[in-house]
Amino acid sequence: MKKNDSKYFLEYIDEYLNFIRVSGNFSANTVISYQNDLKQFLNFLFNLYKDSSAVFPEDFVFNIKSVTKRDIKAFISDLFLAEKIDIKKVKKYNTKSISRKISTLKSFFKYLKKRKCIESNPASVLIFPKKPKNLPHFVSESEMDRLLDGAKSNELSILEKAIMELFYSTGIRLSELINLKFSNVNFHNKTIKVMGKGSKERIIPYGEKANAVMKNYIEIRNICNIKNLDNFFITNKGNKLYPMQVQRMVNKNLSGVTEIKKKSPHVLRHTFATHLLDKGADIRAVKDMLGHESLSTTQIYTHLTPEKLKKVYNQAHPKAK
């Protein structure tokens, strides 16, 4: 391997990560994911070329022009192989994870080409694997009624009820709920303003039921807000909520009403979209409320539920009644 124009491979990674942080088009979680992907690729190159002068991958001095299409294909092939091998020591990667790693490499080398560090993008040959058409997990209307309006609702704390109601009423992401500002909740118009992916703001309406529950929560929030945080949801010690805390809360409460395997805040987002479309909501309106860039992303929720199939049958078939 030629050492001309070489430098620590980690420097290329750091330069790229700083660039996407400043650009504002990537969320903090995406930047972390891209960082992990690129360090994994660094480890792969380090082991591939067996540089005796470097003890650790971080010490790997590398001419970025030496990366070939074959190197990148070999890296992705290893990920697919790990996915198929049923050995505990081998970390498995699903199609979604591999697709993101491909996106990372394409973006990374595109940046290097733009900076004229390389003449051509060796990752341009990569093709995204076909995504399996898995239907989103969601909670039924009757199960949500049991949780929010039935006997189970009496077991929820005021904070839990406000969080569960807002998730179900707006379909917001976990990060959006945690970072929701008190100043961005409009009780009069019953809307919230959130900062979504790519630092894009959107306004989402919510219902009267959620409005009443959130107003009840305000009294508790005012007592606990000893640090004068602008975050709408805070802990009883006045701190900002953290993701795992909310995830556990949602998992616990959903476990009492449903048997679906996944019980996460994102399942409530799926539930929000599914129930809206089942009731005849315009898919473009749902797209805007979810903050999706493309309509094709929202179309996953247009699956027909058993309840909707039965309704369509009863309304349309001449022998249904």
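Modelled with pLDDT of 95 or more, buried (at least 19 other Cβ atoms within 10 Å of the Cβ) and in the same structural domain as R269 (by TED's automatic domain parsing): does that describe I218?
On the way: modelled with pLDDT of 95 or more: yes; buried (at least 19 other Cβ atoms within 10 Å of the Cβ): no; in the same structural domain as R269 (by TED's automatic domain parsing): yes.
Judged against the criteria, I218 is not a match.
Here's the yes/no breakdown for (1) surrounded by fewer than 19 Cβ atoms within 10 Å (Cβ to Cβ); (2) acidic (D, E); (3) in contact with a helix residue (DSSP H, G or I) (Cβ under 6 Å, 6 or more places away or on another chain):
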site: M195; (1), (2), (3): yes, no, no
site: G198; (1), (2), (3): yes, no, no
site: G207; (1), (2), (3): yes, no, yes
site: H270; (1), (2), (3): no, no, no
site: G280; (1), (2), (3): yes, no, no
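Condition first: modelled with pLDDT of 65 or more and of a type in the set (G, A, S). Now tell me which residues in the range 67-100 satisfy that.
Scanning the range 67-100 gives A74, S77, S97, S99.
Looking at the range 239-252, can you tell me whether even one residue there is in a helix (DSSP H, G or I), crowded, with 18+ Cβ neighbours inside 10 Å, among the polar types (S, T, N, Q) and modelled with pLDDT of 95 or more?
Applying the first criterion (in a helix (DSSP H, G or I)) to the range 239-252 yields 243-252.
Among the residues that remain, those that are also crowded, with 18+ Cβ neighbours inside 10 Å are: 246, 249-250.
Pick out the ones that are also among the polar types (S, T, N, Q) and you get none.
The answer is no; no qualifying residue exists.
Within the range 19-52, restricting attention to residues that are aromatic (F, W, Y) and under 21 Å from the mean Cα position of the chain (by Cα), which residue is surrounded by the fewest Cβ atoms within 10 Å (Cβ to Cβ)?
First pass over the range 19-52, keeping only residues aromatic (F, W, Y): 19, 26, 34, 41, 44, 46, 49.
Next, from what is left, pick out any that are under 21 Å from the mean Cα position of the chain (by Cα): 26, 34.
On the way: F26: 20, Y34: 22.
Ranking the qualifying residues of the range 19-52, first place goes to F26.
Scan the range 271-282 and give yes if some residue there is in contact with a Lys or Arg (Cβ under 8 Å, 6 or more places away or on another chain) and free of Cβ contacts under 8 Å to residues at least 24 places away in the same chain, otherwise no.
No, the conditions are met nowhere in the range 271-282.
Condition test on T298, is it modelled with pLDDT of 95 or more, touching a helix residue (DSSP H, G or I) at 6+ places or on another chain (Cβ under 8 Å) and of a type outside the set (A, V, I, L, M, F, W, C)?
Values: modelled with pLDDT of 95 or more: no; touching a helix residue (DSSP H, G or I) at 6+ places or on another chain (Cβ under 8 Å): yes; of a type outside the set (A, V, I, L, M, F, W, C): yes.
Against the criterion (modelled with pLDDT of 95 or more, touching a helix residue (DSSP H, G or I) at 6+ places or on another chain (Cβ under 8 Å) and of a type outside the set (A, V, I, L, M, F, W, C)), T298 does not qualify.
Does K227 meet the test of being part of a loop (DSSP other than H, G, I, E, B), touching a helix residue (DSSP H, G or I) at 6+ places or on another chain (Cβ under 7 Å) and not aromatic (F, W, Y)? Write out each step before concluding.
Numbers: part of a loop (DSSP other than H, G, I, E, B): yes; touching a helix residue (DSSP H, G or I) at 6+ places or on another chain (Cβ under 7 Å): no; not aromatic (F, W, Y): yes.
No: the conditions fail for K227.
So, I64, is that one among the β-branched types (V, I, T) and at pLDDT 85 or above or not?
Working: among the β-branched types (V, I, T): yes; at pLDDT 85 or above: no.
For I64, the condition - among the β-branched types (V, I, T) and at pLDDT 85 or above - is not met.
Of K114, K106, K101, which residue is buried (at least 20 other Cβ atoms within 10 Å of the Cβ), among the charged types (D, E, K, R) and not assigned by TED's automatic domain parsing to the domain that holds S264?
None of the others qualify; the one that does is K101.
Residue by residue through the range 126-153, note down the ones that are farther than 15 Å from V267 by Cα, surrounded by 12 or more Cβ atoms within 10 Å (Cβ to Cβ) and among the aliphatic types (A, V, I, L, M).
Answer for the range 126-153, where residues must be farther than 15 Å from V267 by Cα, surrounded by 12 or more Cβ atoms within 10 Å (Cβ to Cβ) and among the aliphatic types (A, V, I, L, M): L126, L148.
Could you check how many residues of the range 129-153 are under 24 Å from the mean Cα position of the chain (by Cα), assigned to a loop (DSSP other than H, G, I, E, B) and within 30 Å of D278 (Cβ to Cβ)?
So the answer is 11.
The values are calculated or read from the model by the stated rules, or taken from the named source; none is laboratory data. Just so you know, these numbers come straight off a predicted model, no measurement behind them. Positions of Cβ are generated from backbone atoms using ideal geometry, with glycine treated the same way; all protein chains shown enter the neighbour counts.
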